[in-house]
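Below you'll find the structure, written out as structure tokens, and then a few comments.
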Amino acid sequence: MSSLREKLKTLEELQQIDLDSNEVRAELETLPAKRAEIDQRVAEARRAYDEEKARVEGNERERRQLESLLAMERDKVKKWEGRLGEIRTPREYAALSREIDIAKKTNDGQSEQIKALVASAGELQKTLEARADALAEREEANEAELKALEERQAAAQQRLAELEARRAEAVKSVDPGLLSKYENIKRRRAGVAVAQVIGMTCDGCHRHIPPQLAITLQRANSIETCPNCHRIIYAAEAVNPPAPPPA
């Protein structure tokens, strides 16, 4: 039959396994958010590229429309100018001349618009190329970060499997009644069911315990709980006595 010290040491080991397991599970729970964050950075780079590409395409579309319209208007002016020689009355001549002047001014304005669009197209293209480079770099970095994240996840899952195997072995050494008590306290106390008492202070709630209870813990012949946090407590030096000095 196991001594009480051995039972407490087993509980101490079980507690550490559970704490380590909780830490690994907490890490695994953070990974989806980290993966989403990595994907978000790529999405932002792609969105910036797509927006700049849309600007380039919009510039080109507007420029082509203006060029087409300008070509039509210039043809119309040429036809009007050809009709000037056929007009017999000064009034009709003056009216058509005004229309031609107005059309030419409009065409000049459209021609300036086209020049401005051509000039801005060069800058837009440079920005688009920069956005493309940034997207390619971000996608490359994303691939490396996701690979590192997958390796981290695999390592954590392996570590958790090892801890679960160790736990399965550890619980075999714990009395069923004591294990049930441990599990109940663990659920109520944020996963920490066992705490050392160092001096007169419970390491679980950091409050002093009664002097008589501290004496009882030194004997290590009964399972005791903290009167404040109700965790299973033990005297560290009683369960893990220091090694004797060398002879």
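The values are calculated or read from the model by the stated rules, or taken from the named source; none is laboratory data. Fair warning: this is a prediction, and the values are worked out from it, not measured in the lab. Every residue, glycine among them, receives a Cβ derived from its backbone with ideal geometry; neighbour counts consider all protein chains shown. Calculation scope for accessible area: heavy atoms of the full protein, side chains included, ligands and nucleic acids excluded. Shrake-Rupley method; radii C 1.70, N 1.55, O 1.52, S 1.80 Å.
Between Ser111 and Arg74, the simple spin-label model (points 7 angstrom out along Cα→Cβ) gives 0.8 nm. For Leu163, the shell of other residues with beta-carbons less than 9 Å away shows a net charge of -1, using +1 for Lys and Arg and -1 for Asp and Glu.
Using the 1.4 Å probe convention, the accessible area of the stretch 1-107 works out to 68 Å² per residue with neighbouring protein chains retained. Ignoring any ligand, DNA or RNA, what whole percent of the accessible area of the stretch 1-147 comes from carbon and sulfur when the probe is 1.4 angstrom? Roughly 50 percent of what the probe reaches on the stretch 1-147 is carbon or sulfur.
Ignoring aspartates and glutamates fewer than eight residues from Lys79 along the same chain, the ones with Cα atoms less than 17 angstrom from its Cα are Glu92, Glu99, Asp101.
Heavy atoms of the protein chains alone define the surface here; on that basis the stretch 111-224 has 63 Å² accessible area per residue at 1.4 Å probe size. In a fully extended conformation the segment linking Arg64 and His206 would gain 43.4 nm over its present Cα-Cα distance, using 0.36 nm per residue. Calculated FRET efficiency, Glu81 and Gln40, Cβ-Cβ r, R0 41 Å, to nearest 0.05? Computed FRET efficiency for Glu81 and Gln40: 0.10.
The residues neighbouring Leu146, those whose beta-carbon lies less than 14 Å from its own, together hold a net charge of -2 under the Lys/Arg +1, Asp/Glu -1 convention. Taking 16 Å as the straight-line reach from the Cα of Lys53, the lysines in range (excluding those fewer than 8 positions away in the same chain) are Lys126. With a cut-off of 18 Å on the backbone N, the residues of the stretch 108-134 near the modelled label site 7 Å out from Ala54 along Cα-Cβ are 124-125, 127-129, 131-132. Over the residues of the chain, the helix contribution to mean residue ellipticity at 222 nm works out to -28000 deg cm²/dmol, using -39500 (n - 2.57) for each DSSP H run of at least 4. Subtracting the Cα-Cα distance of Arg5 and Leu146 from their residue separation scaled by 0.36 nm leaves 46.1 nm. Other residues with beta-carbon under 15 Å from the beta-carbon of Asn228 carry, at +1 per Lys or Arg and -1 per Asp or Glu, a net charge of +2. Labels on offer are (i) 35, 18, 16; (ii) 41, 24, 15; (iii) 89, 18, 14, and the one holding semi-axes √(5λ) of the Cα gyration tensor in Å computed from this structure is (iii). In the stretch 197-243, carbon and sulfur make up what percent of the accessible area (probe 1.4 Å)? Ligands and nucleic acids excluded, carbon and sulfur reach 56 percent. In terms of its alpha-carbon gyration tensor, the stretch 43-126 comes out prolate; a/c meets the 1.5 threshold, and the first ratio a/b outweighs b/c. Extension gain, Glu92 to Ala155, is 13.6 nm, computed as 0.36 nm per intervening residue step minus the present C-alpha separation. When all protein chains stay in place and ligands, DNA and RNA are ignored, the 1.4 Å accessible-area order of Arg46, Arg91, largest first, is Arg91, Arg46. Computed with a 1.4 Å probe on the full set of protein chains, the accessible area for Leu96 sits at about 20 Å².
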